[in-house]
Amino acid sequence: MKIITIGMDVAKNVFQLHMVDGSGAVKRLRLGRARLLEFFAKLPASVVGMEACAGAHHWARAIAKLGHEVRLMPPCYVKPYVKRNKTDGRDAEAIWEAMQRPTMRFVAVKSLEQQAVMVLHRARALMVRQRTRLANALRGHFAEFGMVAAQGIKGVRALLEQLPASAIPPVAHAALAMLAAQWQALDESIRALERQIKAAVREDEAAYRIMQIPGVGPITASAVVAAVADLRQFRSGRGFAAWLGLTPRQNNSGNKHRAGRISKQGDRNLRSLLVLGATAQLRYRNRIKDPWLSRLLMRRPVKVVAVALAAKTARIIWAVLAKEEDYRAPARLAA
């Protein structure tokens, strides 16, 4: 049987394959982790489809080295092809079916370097969430004893400086000291990760180019380059913004077109970084010379404008990286 196309359901230890040859004959096979690459090494060049899930990029790189073509697909695009009574075999069959569609969108395989940088960003995002939870807990506990502080990290640090000389009972004082130590350790770990991210950005030409865009700092630039292997897989800047979930949901029927709130699909961390960068720009909105942004601020709340500005920034990032050009500020802004 000469294999032409294969749908592979990725798992931890057991992999399900749905194989079809040129005559349409179907063969199903279950393989253990240790035998997988050995099996593909003996096969003629084939097209292998997988869901872009945990571990998929590793197996895609390994299988591609053996001479096969690998196509990764978003799991949400594969799900409609799964028949009822879900099994690993049905999943592999759905993957094979989805990869045959002429309009299917595929995910570029990430390199080892990109995945390494993504680990830095995911670890930082996790620690930031943990630090925020600890900060909220500390603020609430200190407020029970009449001690409050300003918002932000500086406010938390001010509270922690008051802890040693405070009149808090010893039992509560010991518990707050443990929470404070955890917060300080997380804060230092986050700063260490940020230093690693900034060091990696200095060596990346693409990340350096998009850092010239207003609202894009080293952490955002590093996240964009690590999250998307090739921005040319998007046909336009709007496609990239839609992938990030920064475009409105569509609910159209006939000649009626309704646009709702943003879809919030795609990479949540990257979307939040772009919105935070836009929010930082709007803090100095009194100095803004952009007519488009000024008119928008007159008609919409600041948070809505921040999301619109983040979507615009995403389109500019696509133009800079997909066309391999440097950022050029509009003439009216440069003046």
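Can you name the residue in the stretch 256-271 that is within 11 Å of the chain's Cα centre (by Cα) and at negative phi and, of all such residues, is surrounded by the fewest Cβ atoms within 10 Å (Cβ to Cβ)?
268
Which one of these is over 25 Å from the mean Cα position of the chain (by Cα) and surrounded by 12 or more Cβ atoms within 10 Å (Cβ to Cβ): 186, 176?
176
So if I check each of 157, 195, which one is assigned to a helix (DSSP H, G or I) and surrounded by 12 or more Cβ atoms within 10 Å (Cβ to Cβ)?
Answer to the selection: 157.
For the stretch 66-152, which helices (runs of 4 or more DSSP H) that fit wholly inside it have 3 or more residues that are under 25 Å from the mean Cα position of the chain (by Cα) and in the same structural domain as residue 184 (by TED's automatic domain parsing)?
It comes to 112-143.
What are the pairs with Cβ atoms under 6 angstrom where one residue, in the stretch 220-244, is closer than 25 Å to residue 202 by Cβ and the other, located anywhere, is of a type in the set (Phe, Trp, Tyr) and outside any helix (DSSP H, G or I)? Sequence gap at least six, or different chains.
240/234
Give the stretch 272-289 a look and list any residue that's surrounded by 18 or more Cβ atoms within 10 Å (Cβ to Cβ) and either touching a residue at least 40 places away in the same chain (Cβ under 8 Å) or among the hydroxyl-bearing types (Ser, Thr, Tyr) (or both), or say none.
273, 274, 277, 278, 281
Considering every residue within the stretch 155-168, establish whether at least one is out of contact with any Gly (no Cβ under 8 Å at 6 or more places or on another chain), modelled with pLDDT of 90 or more and among the polar types (S, T, N, Q).
No.
Given the structure, is residue 333 at pLDDT below 90 and surrounded by 12 or more Cβ atoms within 10 Å (Cβ to Cβ)?
It is true that residue 333 is at pLDDT below 90 and surrounded by 12 or more Cβ atoms within 10 Å (Cβ to Cβ).
The values are calculated or read from the model by the stated rules, or taken from the named source; none is laboratory data. Worth saying up front: this structure is predicted, and the values here are computed from it rather than measured. Counting neighbours? That spans all protein chains shown, and the Cβs are built from the backbone with ideal geometry, glycine included.
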